Amino acid sequence: MILFPAIDLKGGQCVRLKLGDMQQATVYNIDPAAQARSFEDQGFEWLHVVDLDGAFAGHSANGDAVEAILKATDNPVQLGGGIRTLDHIEAWLSRGLRRVILGTVAVRNPALVIEACRKFPDHVAVGIDAKGGKVAVEGWAEASELGIIELARKFEGAGVSAIIYTDIDRDGILAGINWTSTLALADAVSIPVIASGGLASLDDIRRMLEPDARKLEGAISGRALYDGRIDPGQALALIKANRAKETA
């Protein structure tokens, strides 16, 4: 089980949105690279990065900030937001990114995702962002008619390394993970699922470690870490203790 700290980039700064609204952005650090180093120093093993401007624009918009992050941390980094072509995927992976997250293109062009998995095995994740139970695209600005599980099943057997599932209705408001929907998705597919949106407290970490959630690869935390609602040391100690228990 992995706890992924999040860096969301807007205008080159580290921000958090409320309910996916770009007009409701709180700046937490003007130096994303320093934030990445801080997360590594705290003991986190991975880093989750989203180019928010890129997600809306359809192309990378915070490339300099992402490259600075990659230089600042030895932790593996996964990146989403505006990655829409095979050339774009290859370019980011060549810079040292561990995993790309494909969201809008997974809805618009599933064949490209499948081809990306073939060309770059173990380096492609799918981001499924849902609002009202339906998949949202273009930086959450547009709703589709696709259901969450319907989309996820398109990629069974393709080699997708993970599905990052975000409940937009909970994102950035510390309402707690939507465990019902997240675990239903994890039950429906064989692809590992990462929970995102709403993680609020150590109680969510403890819930993530319950037996029925073991199928998850982990969860992403943003605002709760920045606001101090989750103590990194305590959260990582819970996860470490759980790993030791499972391997004993």
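The values are calculated or read from the model by the stated rules, or taken from the named source; none is laboratory data. Everything numeric in this text was worked out from a predicted model, so none of it was measured. Virtual Cβ from ideal backbone geometry, glycine too; neighbours counted across all protein chains shown. To get the accessible areas, we keep the full protein, side chains included, count just its heavy atoms, and leave off ligands, DNA and RNA. Shrake-Rupley method; radii C 1.70, N 1.55, O 1.52, S 1.80 Å.
Observations on the structure shown:
- Near PHE4, the amide H atoms lying under 5 Å from its own belong to ALA219, ILE220, SER221; only residues 5 or more places off or on other chains count, and H is placed 1.01 Å from N.
- Ranking of ASP53, ASP8 by solvent-accessible surface, largest first: ASP53, ASP8 (1.4 Å probe, protein heavy atoms only, all chains present).
- Scaled against the 2.2 N^0.38 Å expected of a compact globular protein of N residues, the Cα radius of gyration of the chain reads 0.92.
- Put simply, the amide H of LEU102, placed in the peptide plane, has neighbours under 5 Å in ALA125, VAL126, GLY127, leaving out anything fewer than 5 places away on its chain.
- Taken as Cα centroids, region 197-248 and region 48-87 sit 25 Å apart, rounded to the nearest whole angstrom.
- Net charge dipole size for the chain [Lys, Arg +1 and Asp, Glu -1 on Cβ; Debye, nearest 20]: 320
- Local net charge near GLY12, Cβ-Cβ under 11 Å (Lys/Arg +1, Asp/Glu -1): -3
- Proximity of backbone amide H atoms, modeled 1.01 Å from N, is registered between ILE194 and ILE163, ILE164, TYR165, GLU217 at under 5 Å, excluding neighbours fewer than 5 places apart on the same chain.
- A simple spin-label model places the labels of ASP231 and THR247 2.5 nm from each other, with each point 7 Å out along Cα-to-Cβ.
- Applying the Karplus relation 6.51 cos²θ - 1.76 cosθ + 1.60 with θ = phi - 60° to region 233-248 yields 3J(HN,Hα) values of x, 5, 4, 5, 5, 4, 5, 4, 5, 5, 4, 4, 5, 6, 9, 5 Hz, where x marks Gly and Pro.
- Extended-chain gain in nm, criterion 0.36 nm per residue less alpha-carbon gap, LYS134 and THR180: 15.1 nm
- In terms of the mean number of neighbouring beta-carbon atoms within 10 Å, the peptides 31-42, 92-103 order highest first as 92-103, 31-42.
- Since only THR85, ALA158, LEU225 are under comparison, the one whose Cα sits farthest along the positive direction of the charge dipole of the chain, derived from C-beta charges on Lys, Arg, Asp and Glu, is ALA158.
- Between ASP41 and ASN29, residue separation times 0.36 nm minus the direct Cα-Cα distance comes to 2.7 nm.
- Inter-label distance for LEU202 and PHE56, nm, one decimal - labels placed 7 Å from Cα along Cα-to-Cβ: 3.7
- In the context of the full set of protein chains, region 42-138 has a per residue accessible area of 40 Å² (1.4 Å probe).
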